[in-house]
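These notes concern the structure reproduced below.
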Amino acid sequence: MYIKAKELYEKWGVDTEAAMEKCADIPVSLHCWQGDDVQGFEKGSIGASGGIQTTGDYPWRANNKVELMADLDFVFRLIPGKKRLNLHAVYAITETDVDRDELEPRHFEEWLDWALRHGAGLDLNPTLFSHPLATDGMTLSHPDATVRDFWIRHIKACRKIAAFIGERQGTPCLNNIWIPDGLKNPPADRLSARLRLRDTLDDIFSVAYDKRCIIDTLESKVFGIGLENYTVGSSEFYIAYAATRGVNVLLDNGHYHPTESIADKLPALLTFFEKVALHLTHHVRWDSDHVVLFDDEIKDIAVEIIRNNAEDRVLIGLDYFDASINRIAAWVTGARNAQKSLLYALLLPHDGFKRLQETGNFSKLLAMQEEAKTLPFSAVWNEYLVRQNLSPDWFESVEQYEQNILSKRTGDR
Ligand code: RNT
Ligand code: ZN
């Protein structure tokens with residue numbers, strides 16, 4: 001099937017060998033928080049808060065670092081291509097209780113060793129939720145300076161950690177800031193909190209690091225649960241901030257209106273920003289953080305990355321937390337779909353399509369775009385898996401892992 005598919009793609013001017021090679025080289029950063037419902041390792045963790053929620057009560061989540069690392073070992077073995085691991089600050093490995101503003105690079109050394117063993121880079125997210133100082137929906141833009149200062153110290157600590165990680169691993173560590181700040185009911189003032197946020201960010205970024213070690217991003221959102229009327233860190237706010245301050249934005253495709261695709265935002269931002277980061281998710285009616293599917297939205301995003309030769313400029317990460325199904329299966333399904341969409345995009349004849357557009361041949365362009373949708377993609381995907389020593393039949397091994405490992409878990413933290 002592959003040989004036939006290869007010949008057919010050749011007629012379209014597409015080199016399947018080159019596509020598979022390139023696909024294997026585009027890093028996808030796997031989010032560690034799918035494994036434990038965004039709980040992290042802090043004692044007495046209350047899980048996701050701040051407008052985000054994990055739904056479902058499938059048993060046997062990872063309860064500690066040993067279990068999470070074991071699950072990740074297993075997950076990494078089932079996913080093709082180049083991988084990174086995306087951590088949250090609450091996955092710091094500490095001997096005693098360490099509050100978030102006191103985190104240090106050494107608390108991530110075990111993760112660095114883990115990543116090194118897997119030939120993977122690490123990325124980081126400061127955690128500005130699930131904490132006594134984040135219970136009223138405000139953190140970096142809080143009216144109370146003592147609250148703001150705590151979170152400023154936390155993010156400064158994270159940037160120091162990220163820069164340390166980046167230096168050690170030899171690739172920049174993404175440090176992505178997302179804050180829940182917002183209001184449930186109609187605000188009396190939409191400006192003051194934004195002015196405060198601008199100033200706290202200026203304070204945070206007043207510390208300079210080598211850009212070869214750390215990439216700073218800001219993640220906007222349209223609304224969180226319980227914070228429906230106002231989000232301080234909106235898209236306009238962060239794009240304007242990033243453009244005027246020399247930092248970058250991260251687009252989470254669940255953070256826009258349900259019919260708004262982020263695919264078109266990529267070329268718009270790439271016109272002005274050297275880097276753009278992504279959180280890929282599947283949103284159902286709201287920012288529901290479902291498992292990434294191989295659907296039109298994800299394919300469109302991949303197409304914009306590939307046809308603009310932006311695979312070094314767009315930093316791809318995953319962000320979802322489904323606790324209603326086996327968490328390993330959720331991880332693998334979503335990560336494979338991200339890879340699938342990249343391979344799919346790599347197998348389209350972009351040069352030919354662009355020529356048709358430039359010469360105004362819109363009838364042929366539309367016809368060919370539609371024909372290309374039914375090219376034998378699956379034959380190339382399967383061949384790609386074989387070359388990565390994988391196969392489409394991975395689910396049985398997850399069932400075995402569930403039986404032998406997960407179902408033995410007692411839930412002790
Ligand atoms: C929340 C943001 C954020 C989180 C993670 C856990 O809406 O998407 O990225 O999901 O940091
Ligand atoms: Zn996100």
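Tell me, 82, 4 in order of fewest to most beta-carbon neighbours within 10 Å?
The fewest-first ordering by Cβ neighbours comes to 4, 82.
Let me check against my output: what whole-number percent is the relative contact order of region 222-378, with C-alpha pairs under 8 Å and at least 6 apart?
Worked out over region 222-378, it gives 19 percent.
With a cut-off of 8 Å between alpha carbons and a minimum separation of six or more residues, what is the relative contact order of the chain in percent?
Normalised by residue count, the contact order of the chain is 20 percent.
What's the FRET efficiency of residue 351 with residue 286 using the Cβ-Cβ distance as r and R₀ = 30 Å, to the nearest 0.05?
0.20
Go through region 228-241 residue by residue and turn each phi into a ³J(HN,Hα) via Karplus (6.51, -1.76, 1.60, θ = phi - 60°); whole Hz please, and just put x for glycine and proline.
Per-residue couplings from phi come out as 6, 8, 7, 10, 4, x, 7, 4, 4, 4, 6, 5, 5, 4 Hz.
As a footprinting exposure proxy, order 346, 293 by other Cβ within 10 Å, with the fewest listed first.
293, 346
Between residue 405 and residue 3, 0.36 nm times their residue separation minus their Cα-Cα distance comes to what?
140.8 nm
Using amide H atoms built 1.01 Å from N in the peptide plane, name the residues 5+ places from residue 323, or on other chains, whose amide H lies under 5 Å from its own.
Those lying under 5 Å, H to H, from residue 323 are 55.
Amide H of residue 41 versus every other amide H placed in the peptide plane: which residues, excluding those fewer than 5 positions away on the same chain, fall under 5 Å?
Those lying under 5 Å, H to H, from residue 41 are 91, 92.
Would you mind getting me the FRET efficiency between residue 24 and residue 229? Use the beta-carbon distance for r and R0 = 30 Å, nearest 0.05.
Step by step, r from the Cβ atoms, then E = 0.10.
Any of 6/364; 43/160; 184/221 with alpha carbons more than 18 Å apart? Name them for me.
Exceeds cut-off: 6/364; 43/160.
Based on the mean of other beta carbon atoms within 10 Å per residue, what is the order of 403-411, 5-13, most packed first?
So the order, starting with the most tightly packed, is 5-13, 403-411.
So what's the net charge close to residue 326: Lys and Arg +1, Asp and Glu -1, counting the other residues with Cβ under 15 Å from its Cβ?
Charge balance near residue 326 sits at -4.
Work out how much length residue 361 to residue 207 would gain on full extension: take 0.36 nm times their residue separation and subtract the Cα-Cα distance, in nm to one decimal.
Residue separation times 0.36 nm, minus the Cα-Cα distance, leaves 50.3 nm.
Between residue 199 and residue 96, what FRET efficiency comes out of the Förster formula 1/(1 + (r/R0)^6) with R0 = 35 Å and r the beta carbon distance, rounded to 0.05?
The computed FRET efficiency comes out at 0.55.
Report, in debye and to the nearest 20, how large the dipole of region 119-213 comes out about its Cα centre when Lys and Arg carry +1 and Asp and Glu carry -1 on their Cβ.
For this selection, approximately 180 debye.
Going by Cα centres, region 390-413 and region 145-194 are how many Å apart?
The distance from the Cα centre of region 390-413 to that of region 145-194 comes to 35 Å.
With charges only on Cβ, +1 for K and R and -1 for D and E, what is the dipole size of the chain about its Cα centre, in debye, rounded to 20?
The dipole magnitude comes to about 560 debye.
Quick one: Cα centre-to-centre distance for region 111-126 and region 9-63, in angstrom?
If we compute the Cα centre of each part, the gap is 14 Å.
What is the set of long-range amide H partners of residue 174 at a cut-off below 5 Å, with H atoms built 1.01 Å from backbone N?
For residue 174, the qualifying residues are 124, 215.
Give me 184, 83 ranked fewest to most by other Cβ atoms within 10 Å of their Cβ, as a rough exposure proxy.
184, 83
Output wanted: per-residue J couplings in Hz (rounded whole) for region 98-107, from phi through Karplus 6.51 cos²θ - 1.76 cosθ + 1.60, θ = phi - 60°, x for Gly and Pro.
Here the 3J(HN,Hα) series is 10, 6, 5, 7, 10, 5, 9, x, 4, 6 Hz.
Quick one: which of 37-47, 211-221 comes out on top by average Cβ neighbours within 10 Å, and what's the full order, highest first?
Highest mean packing first, the order is 211-221, 37-47.
Ignoring everything except DSSP H segments at least 4 long, calculate the 222 nm mean residue ellipticity for the chain; use -39,500 (n - 2.57) per segment, divide by total residues, nearest 500.
Helices in the chain give a 222 nm mean residue ellipticity of -12500 deg cm²/dmol.
Projecting each Cα onto the charge dipole of the chain (Lys/Arg +1, Asp/Glu -1 at the beta carbon, about the Cα centre), which of 86, 139, 397 comes out farthest on the positive side?
86
Hey, what do the phi angles of region 140-145 turn into as Karplus ³J(HN,Hα) couplings, whole Hz, using 6.51/-1.76/1.60 and θ = phi - 60°, x for Gly and Pro?
5, 10, 4, x, 8, 4
What does the charge count near residue 119 come to, summing +1 for each Lys or Arg and -1 for each Asp or Glu among other residues with Cβ under 11 Å from its Cβ?
+4
Computed from the coordinates by the stated procedures, all read-outs in this text should not be read as laboratory data. Model, not experiment: these values are computed from the prediction. We place every Cβ from the backbone using ideal geometry, glycine too, and count neighbours over all the protein chains shown.
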